[in-house]
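Below is one structure; the comments refer to it alone.
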Amino acid sequence: MGNITASKKQLKPDPVYQSILASKFVNCLMWDGKKTVAHGVFYGALDIIKEKMPDLSPIDVFHQALDNVKPNIEVRSKRVGGASYQVPMPVQRNRQQSLAIRWILTAVRDKKGRPASEKLATELINAYNKEGSAITKRENVHRMAEANKAFAHFAW
């Protein structure tokens, strides 16, 4: 991850589906400023989704997949009297979105040996169906929060 700018102000909807979220995703997918490559991967993935799920709009699958991955609650470290506690905290909207995007991209980049657009399509379809590694990550975060519910009174 390079230096992060507040791209929200200058974010334009993506050219094909007019979705702000899609441009945000493409920006996170992009490496070394190669937006054309990122667009290719993203739209390639959506085309694959269109083939595999012909009765659904691919951009809807993308939005639903991201919604399914968004965490509602996470643990944050809080120091209380020399001990660190993992305190469950609700997640803010924009952080939910960036975590969901980050987890999906990590899941895609961890898989090896297939074209990026195929991996992304697979991960998005999995997330849409509430399975796959990004969903697993979310489940783990929720499980951590559940396990540390005892420390919820430290929430600030």
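The values are calculated or read from the model by the stated rules, or taken from the named source; none is laboratory data. What you see is a predicted model; the values in this text were computed from it and never measured. When we count neighbours, we look across all protein chains shown, and the Cβ atoms used for this are built from the backbone with ideal geometry, even at glycine. Note: accessible area is taken over every heavy atom of the protein model, side chains too, but ligands, DNA and RNA are not part of it. Shrake-Rupley method; radii C 1.70, N 1.55, O 1.52, S 1.80 Å.
Evaluating LYS35 against the criteria (1) at pLDDT 85 or above; (2) open to solvent by 50 Å² or more (accessible area, probe 1.4 Å); (3) not hydrophobic (A, V, I, L, M, F, W, C) leaves one unmet condition, (1).
Residues in segment 130-156 that are under 20 Å from ARG109 (Cα atoms) and of a type in the set (Asp, Glu): GLU131, GLU139.
If I filter segment 92-108 for residues that are of a type outside the set (S, T, N, Q) and touching a strand residue (DSSP E or B) at 6+ places or on another chain (Cβ under 9 Å), do I get at least one hit? Yes - at least one qualifying residue is present in segment 92-108. Where residues in segment 48-57 are assigned to a helix (DSSP H, G or I) and free of Cβ contacts under 8 Å to residues at least 24 places away in the same chain, which of them is least open to solvent (accessible area, probe 1.4 Å)? That would be LYS50.
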